[in-house]
Amino acid sequence: MRRLNNIAVTGGAGFIGSNFIHYIFESTNFKGNIINVDKLTYAGNPENLASIESAFGGTRYFFENSDIGNFNEMSALFKKYDIDTMVHFAAESHVDRSIHGPAEFITTNIVGTFNLLEVARNLWPGREDVLFHHVSTDEVYGSLAEGQYFFETSPYDPQSPYSASKAASDHLVKAYKNTYGIPFTLSNCSNNYGPYQFPEKLIPLMLLNLMNDKPLPVYGDGRNVRDWLYVLDHAEAIWFILNKGRTGESYNIGGENDEENLAIVNLLCQKMAEKTGQPVSHYTSLITFVKDRPGHDRRYAINCDKIKKELGWKQQVTLSRGLDLTIEWYSSNRDWVDHVTSGEYRHWMDRNYGNR
């Protein structure tokens, strides 16, 4: 019987991790403790959890500014908080960054995961009341032809340094169950969007550029297809897995919203026009097609029948509603946007997108 008393969330100050922590405190009856373990790289932001810190800090919510690659630090944290559940979000996750600099992806995504597994192996020997949940991506499966879908049994075929590093970490987690008996569950999700997303990904980047009348850079012909999942639906799915998922099983989590990138950009233009009263052509004229990135997978689409049938989860937020909520959040949180788009991020964007 799983304990679920002291949950360590790696990367909890990032986009999906912080939304997961909000979901736990605001939408469940969880009575235990959350320990947020985050190195605070460019995409980690304690401001994402200011309200949680205010309400629960020091009582049921604890923040540890630590590196998952430091074995001694992680061992000390496991012991200090008597960790019984690991929810492992911490990862370098932007494909473009992995193309420009893959080393960090190998270090964080592979070596960092290995280090956490080693800590679990040393401190959880023979235990069945603990759980290591590994959060991964549908990108490990590679690219799909029209009409095909990713299943949990689909063969891995990663095409970028990012997806290859996540595929390697998936295999490590599974190997530690087979070799050392570490209880795990694993989830592979589609493209997330929603509040607190760092504006290097498609939806927040386009949204902020729309707000500032800046060009909307679309790779290639814009026909690459992604499945869009509202982040709080993802958070709920992980909560279902922690509570009801079968040990040693993988679960696909998707939004079942397969759309071309260009269609998403046009939809954002339409919604922004409705919000501001500007003609939609004012925004669509900002669309700029740019050179495609290397190894750009053509199509992703998730089949998530398994989690629906076995655990009773289903999406709650439609794509249109999710985009409305996302636009409203970014429009109402300009101070947050200005803060996260300053400094190192802005320099990186200028270097890599300045000519677009």
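Bear in mind these aren't lab numbers, they're just calculated from the coordinates by the rules spelled out. Computed from a predicted structure; not experimentally measured. Cβ: placed from backbone, ideal geometry, glycine included. Neighbour counts: every protein chain shown.
Observations
- Under-5 Å amide H pairs with H133, H placed in peptide plane, nonlocal only: M86, V87, H88, T185
- Convex hull volume per residue, computed on the Cα atoms of the range 151-283, equals 134 Å³.
- Note that the range 240-251 has calculated 3J(HN,Hα) couplings of 4, 5, 4, 8, 10, x, 7, 4, x, 10, 9, 10 Hz, one per residue in order, obtained from phi through the Karplus relation 6.51 cos²θ - 1.76 cosθ + 1.60 (θ = phi - 60°); glycine and proline are x.
- For the chain, the longest principal axis of the alpha carbon atoms and the long axis of helix 15-27 meet at an angle near 70°.
- Axis angle, to the nearest 10 degrees, between helix 113-123 and the longest C-alpha principal axis of the chain: 20 degrees.
- At 0.890 mPa s and 25 °C, Stokes D of the range 223-306 from Kirkwood alpha-carbon radius, µm² per second: 158
- Neighbour net charge for S27 - beta-carbon separation under 13 angstrom, K R +1, D E -1: -3
- log10 of Debye I(q)/I(0), alpha-carbon scatterers only, for the chain at 0.07, 0.09, 0.10 Å⁻¹: -0.28, -0.47, -0.59
- With N the number of residues in the range 140-209, Rg(Cα) / (2.2 N^0.38 Å) evaluates to 1.40.
- Hull-based mean projected area of the range 120-172, where the convex hull spans the alpha carbons, in square nanometres: 4.9
- Taking other C-beta atoms within 10 Å as the exposure proxy, E259, E146 rank E146, E259 from fewest upward.
- Bridging of K271 to lysines at a Cα separation below 17 Å is possible for K214, once same-chain residues fewer than 8 apart are set aside.
- Separation of the range 119-164 from the range 47-70 is 26 Å, based on Cα centroids.
- Inter-part distance where the range 85-118 and the range 168-205 are each reduced to a Cα centre, Å: 10
- In terms of surrounding Cβ atoms within a 10 Å radius of their Cβ, S18, S154, S332 rank from fewest to most as S332, S154, S18.
- Part-to-part distance (alpha-carbon centres) for the range 16-31 and the range 258-291, which is given in Å: 32
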